[in-house]
Structure formats: structure tokens, C-alpha cells
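J.: Questions regarding the structure given below will be posed in turn.
The values are calculated or read from the model by the stated rules, or taken from the named source; none is laboratory data. As the structure is a computational prediction, the values presented were derived from the model and not from experiment. Every residue, glycine among them, receives a Cβ derived from its backbone with ideal geometry; neighbour counts consider all protein chains shown. The accessibility values were calculated without ligands, DNA or RNA, using every heavy atom of the protein model including side chains. Shrake-Rupley method; radii C 1.70, N 1.55, O 1.52, S 1.80 Å.
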Number of protein chains: 2
Amino acid sequence: MKSEKKIVKADKKPEEKPAYDVIIIGGGFAGLSAAIYSARYNLKTLVISKQPGGAIINAAHVENYPGYVNISGIELMQKFEEQAKSCGAEILIDDAIGVMKHKEEFKVETEQQKELLSNAIIIATGTDRRKLEVPGAKEYESKGVHYCATCDGAFYKNKVVAVIGGSNSSAHAAMLLSRIAKQVYILYRGEEMRCEPILCTHMEELGNIKMIFNTNVVQVKGTKFLDKIILDRPFDGSVELAVDGLFVEIGSVPSSAIAKQLGVELTQSGEIKVNIQQETNVKGVFAAGDVTNTPLRQGIIAAAQGVKAATSAYKMLTGKKVTGAW
Amino acid sequence: MKSEKKIVKADKKPEEKPAYDVIIIGGGFAGLSAAIYSARYNLKTLVISKQPGGAIINAAHVENYPGYVNISGIELMQKFEEQAKSCGAEILIDDAIGVMKHKEEFKVETEQQKELLSNAIIIATGTDRRKLEVPGAKEYESKGVHYCATCDGAFYKNKVVAVIGGSNSSAHAAMLLSRIAKQVYILYRGEEMRCEPILCTHMEELGNIKMIFNTNVVQVKGTKFLDKIILDRPFDGSVELAVDGLFVEIGSVPSSAIAKQLGVELTQSGEIKVNIQQETNVKGVFAAGDVTNTPLRQGIIAAAQGVKAATSAYKMLTGKKVTGAW
């Protein structure tokens, strides 16, 4: 049984020795799962994340991560973080702003001006929120127009709010707001919600969520704060809808700027192209989770992809085959 | 928002109406995750499993399922089962012994002589243990030759045992046995263990596990019970090794007999061929987990595949696109 703690090549000069075997950029489902496995493979592993936990930490209730009947997003991701640390991974709270090929290694630069070297990179940067692009949306951002119900919902106690979008995220935002606001509208361009059916059942039970389909918001208006939105077709006889707050849940765009820098191939919509092993077209660069061309954006899927990415990095760095029984 | 509780076709005669939208065969990581999602999609879902939980329930410690730092296999799978039930899935403790196409539906026959109809089938039957095929192995099965350290390890308190194999399962068996037996040998045909490195570290710390590499067991001998094994090359000057118990961990074979019956395409080694959506070549038949041609046999990977299989079944049955945000 050979020790595998040092897998950097023996013929390197000491000053060139990468500090890490694997640097994982992003600390959500994919990044932290990759860290758990990478560290268990005895690879020296660093996770760089501005906010460990990722997008899910804004979810009050997660009921679809297999293994937990009901848990808050933040609590679930604290468990992931604790597990990654207990396996030996390091976590750096910082933002990776650039990655470049540095001889045979990779150099990661961070916002806090650190320069970190590694033999392999796993990109698990997830997605950024898609912004509402109609007149007034930018002007009223944080003055009535919001992108996070968990963060900003509490301002709207007993007020009237609207949520734009028909996805799971939109449903979760509406359900959260329904317990704070007196009335919640969901505005969606489609004919019916495209969220999980069980969420529609939950929303019906709440009683104060009204869905308006086949409708787009074309303008947001107000004085100091937002006070109404303009629709592209009348609702209740008017294209004007008086709301105190508007929560935008119209999807997300892959956070793939760092990948692009590295020459990683992207899809037309900016997702990182990976194969079934989570390999990109650049040797030593792997990707996992919502930033990739994944068939389904779910936490459990991202976590599994993180595990595959770490396993592929391990195979590349050590030449070992892995056939775990569980 | 349309109700989706009834998705069976309206023009069917009542007596032909399938009782279930989805029948899942197998209740391990893949089967129960599929059940959680299928039920959340408001599909009428049944899991048929001889022993809910699957192979992992014999693991005393699971440390690599993201979300749990350390949990027993049985406890983890109880959580999966509870979650599947809380989402509305039914679980039948029985063995599916045959599945056939029945008009446009599928008919599942069970050991307890039930006949159950569904619109879609998810096969998540996992693997069976590969048997040791050397003279004496069959004769001494359960009389010294065992396939489950968790089940049978306790018979060997302060005795000498050997484990055959170099995988994670082999390492887990050896670690469990090392706390019961006075001496544990690992016999492996390879040059070094191929388990996760962290398990090698754990085994070293235990102190009573001796690894013998490049060695095969060619015969097992005894009187009423096993008392020695014959190696294909000498260890400590002899090809005979005195042991009280032998635990065989030489891998597994996919349990794909039911799939074969249905005309599902298999690989040469008997794994169900699936695409990235977990679809097989037979419309309406999906597969997930260790029974498939998966790139990595890990619980988290099987769970993610179960989710994808359920999502594909939902798409087929309802024509809906699913783009969940988590």
C-alpha cells in the first residue's frame, strides 16, 4: 500500500510545487460534494467560495434532497461543509476572479489577491440570476424589484407582491411570500406552472396566491419606490397592477466566465460542455453542477456530478481506476 | 393549473386501467430516490423491494453520502424510505419475479403472486454478489465461507479470518472484522488495494489487518467447518493459510434478469444500457443505479440516476418539460 499523500511530481523545483492537488471553485452542492470525495481520495483539496452553500441557502424548506424529509437549505449545506472539512478539505471564503494555465499547473487568482496553484481544477460555479430587462427594472432594483424572496421578503408584511416566473424557484418564492404578504400574484408567460406538481398543491392550500398566466411584465413604475407594474394584457380589466414589491424568478445564466478564460468549450447558452465523466475539453479542468450542460438542475444531480468530477481528477492525477461498491 | 393525479388515458376500459403510473423495482439508493421524485411529480408510485434499503444496509458506517458526516447504512436508507412514503409513494415488501408488456402497459408479477399494472417501469435492482468459484467454496458456504461481514462477522470473535478482494467493500469488511477477530488477512490478486485511500489509512491504524497482494485463493478446505485456504503462491513459506472464516468480496454482477425478459439491451457483462436520461431501448422502461452501465458505483450517483429516471418517466407520461431550479 503506497502512500498517496504526495502526488506532485518528484522532479519539480520546490518553488513550483502546487500547494493543492485540486482546487474547486464554488461551494454549492457540486463543489462541496466534489470536496468530500477529493479529500477522501487523499488529494490536497481547496474549495474557494464567496458564500459556501450556493443558491440553495435561500430555500426555507428542501424536501427533495434524498436523505432528508425536510431541511432548510442553509442547514443542509452546513452539513455538506462540515463533512468536506471533516474529510480534510480546506474552504477559503473568497471569490476566484481568474484562473490561468501556469506551466503544467493552474494558477487561481482571488478577489483578496491570493494566488493559488493546483494540479487540477473543478469548476462548480453554478448560475447567476437572470435580470428583468424592462423599463424601470434597473431603476427600482432593491426599491421594490428584488431577486431573492428569502433575503427581502420580510419588507412586505401585509403588502401586495408579485412573483414573475413559472418554475420551482418561482413557486418557492411565492410560498414564502404568501406567509408574509397579504396577497401574492404569480405572473407567468406560460399557460400553466412548470414547477413540480406538489408545489402547485401547496400553493393552492395557502389561499392567497393568485396565478396570472400568458402574461408578461413590460414596465415597472413608481415614485421613490415601486408602486405598480404594467402587463402586456389586461388582468381584471386593467394592464396596470398595483404591487408593493416584485420578485423576479425568471431563471438563471451559467456563471462560466472563469471557464471561458481557460479556453473551456461552452454551449450557445454559456453552459460548460462536459462528458459523462465531467471532463471539459481542457485537460485537468473538470466541471459539475448547474454551470454545466446538465440534463436536470437539481441538488442531488449536482452532488453526483461533483463526485464524478472529483473521481475523474483523482484518476487523472494518480492513474488509478476507481470502482467503489458504494 | 391542471390536476395531474389521473394521467391514465381516458379512453381505456376501467378494468384495464393500470393501478400505478410508475412501478419501481428495487428499493436501494436508486429505487427510493426515484420514488421520492416520482411521487412529488404526483405520479401514483409503487416500489417493490424484497428488502428496502438495498446493499448499503450492511454498512456500519457511511461517510461518503453528501449530507451525512457519518450514518449507518440502515439508518440512511430508513430516511430514504420515510421520505418516499411521506411524498406519497407506496412500498411493497415482495420480490418482482417477472415483468411483461401487457397491451400498452406493463404487468409485474411478484413472488407473493400479485399482478400489478403500470404505465412505466423503473428498474433499480442493483447487483448480486459474485461467488467464489474454487473447489470447496460452495461446500463450505455458511460453514466458514461468507458473503456478508456485517451478517456473519460476529461468529469470529478472537479468531483468524481472511477477506478476498481489494475494493471498498473488501476494506469495509476487513475493518469491521478487525474489531471482532484477532487477525484479519486481506488476500488480493492486485498489487495494491484499489479502495479509497482514506480506507487504507483507517486499516493501517487498526493494526491487525495484514494485506497479502498478488495472491489468489485456489481452494478452501476443512472438516465440518472451514479450517484452511490454499493460495496460488506461498505466504510466510507456505501455500496453506489457516483461517477460521473467509469473507468473499470479489465484486458483484448486475441483477438484470427482469430487464432481459423485457427485451432491454444489456452490455456484455449484463448491465442495463441506459442513456443520460436513464432511458433503456424499450419505451416506458427506465433504469437507474448499480444495475446499469453507470460510470461509478456510489450511492449518491445511484440516487441522482433514480431522480433522472423518475423525471424521464414523468416527461414521457405527461409530455412536460422539467427544469427545476433545485
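J.: Mind checking which residues of region B:50-70 are at pLDDT 95 or above, open to solvent by less than 10 Å² (accessible area, probe 1.4 Å) and on the phi < 0 side of the Ramachandran plot?
T.: B:TYR65, B:PRO66
J.: I need every pair where a residue in region A:186-210 that is more than 8 Å from chain B (Cβ to nearest Cβ) has its Cβ under 6 Å from the Cβ of a residue that is of a type in the set (S, T, N, Q), sequence separation at least 6 or different chains.
T.: Between residues of region A:186-210 that are more than 8 Å from chain B (Cβ to nearest Cβ) and residues that are of a type in the set (S, T, N, Q), the close pairs are A:LEU187/A:THR215; A:ARG189/A:ASN216; A:LEU206/A:SER178; A:ASN208/A:SER178; A:ASN208/A:GLN183; A:ILE209/A:SER178.
J.: Could you list, ordered by first residue, the pairs with Cβ atoms under 8 Å in which the first is in region A:304-316 and charged (D, E, K, R) and the second is assigned to a helix (DSSP H, G or I), at least 6 apart or interchain?
T.: A:LYS308/B:ILE301
J.: Does region B:68-105 hold any residues that are among the hydrophobic types (A, V, I, L, M, F, W, C), under 17 Å from B:LEU43 (Cα atoms) and touching a helix residue (DSSP H, G or I) at 6+ places or on another chain (Cβ under 7 Å), and which are they?
T.: Passing the criteria: B:ALA84, B:CYS87, B:ALA89, B:ILE91.
J.: Please go through region B:125-153 and pick out each residue that is over 23 Å from B:ALA181 (Cα atoms), in contact with a Gly (Cβ under 7 Å, 6 or more places away or on another chain) and either modelled with pLDDT under 95 or open to solvent by less than 10 Å² (accessible area, probe 1.4 Å) (or both).
T.: Passing the criteria: only B:ARG130.
J.: Mind counting the residues in region A:261-287 that are outside any loop (DSSP other than H, G, I, E, B) and either among the β-branched types (Val, Ile, Thr) or closer than 19 Å to A:VAL22 by Cα (or both)?
T.: Adding up the residues that qualify gives 6.
J.: What residue, of A:TYR156, A:TYR147, is farther than 30 Å from A:LYS107 by Cα, more than 14 Å from chain B (Cβ to nearest Cβ), in contact (Cβ under 8 Å) with a residue 40 or more places away in the chain and of a type in the set (Ser, Thr, Tyr)?
T.: Exactly one of A:TYR156, A:TYR147 is farther than 30 Å from A:LYS107 by Cα, more than 14 Å from chain B (Cβ to nearest Cβ), in contact (Cβ under 8 Å) with a residue 40 or more places away in the chain and of a type in the set (Ser, Thr, Tyr), namely A:TYR156.
J.: Right, something else. What number of residues within region A:168-209 are out of contact with any Ser or Thr (no Cβ under 6 Å at 6 or more places or on another chain), surrounded by 14 or more Cβ atoms within 10 Å (Cβ to Cβ) and not in a loop (DSSP other than H, G, I, E, B)?
T.: Result for region A:168-209: 21.
J.: Which condition does B:ILE57 not pass, out of (1) within 12 Å of another protein chain (Cβ to nearest Cβ); (2) touching a His at 6+ places or on another chain (Cβ under 9 Å), if it passes all the others?
T.: With (1) within 12 Å of another protein chain (Cβ to nearest Cβ); (2) touching a His at 6+ places or on another chain (Cβ under 9 Å) applied to B:ILE57, the lone miss is (2).
J.: Has region A:106-120 got at least one residue that is touching a helix residue (DSSP H, G or I) at 6+ places or on another chain (Cβ under 7 Å) and open to solvent by 30 Å² or more (accessible area, probe 1.4 Å)?
T.: No.
J.: Right, next: Taking the criterion of being small (Gly, Ala, Ser), free of Cβ contacts under 8 Å to residues at least 24 places away in the same chain and either more than 14 Å from chain B (Cβ to nearest Cβ) or under 30 Å from B:MET77 (Cα atoms) (or both), would at least one residue in region A:70-79 satisfy it?
T.: The answer is yes, given that some residue of region A:70-79 is small (Gly, Ala, Ser), free of Cβ contacts under 8 Å to residues at least 24 places away in the same chain and either more than 14 Å from chain B (Cβ to nearest Cβ) or under 30 Å from B:MET77 (Cα atoms) (or both).
J.: Looking only at region A:221-251, count every residue that is assigned to a strand (DSSP E or B) and touching a Lys or Arg at 6+ places or on another chain (Cβ under 8 Å) and tell me the total.
T.: Going through region A:221-251 one residue at a time, the tally reaches 13.
A quick yes/no check of all residues on (1) within 11 Å of chain B (Cβ to nearest Cβ); (2) surrounded by fewer than 24 Cβ atoms within 10 Å (Cβ to Cβ); (3) touching a Ser or Thr at 6+ places or on another chain (Cβ under 6 Å):
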| site | (1), (2), (3) |
| --- | --- |
| A:GLU265 | no, yes, no |
| A:SER269 | no, yes, no |
| A:GLN277 | yes, yes, yes |
| A:VAL291 | no, no, yes |
| A:ILE300 | yes, no, no |
| A:GLN305 | yes, no, no |
| A:ALA310 | yes, no, yes |
| A:GLY319 | no, yes, no |
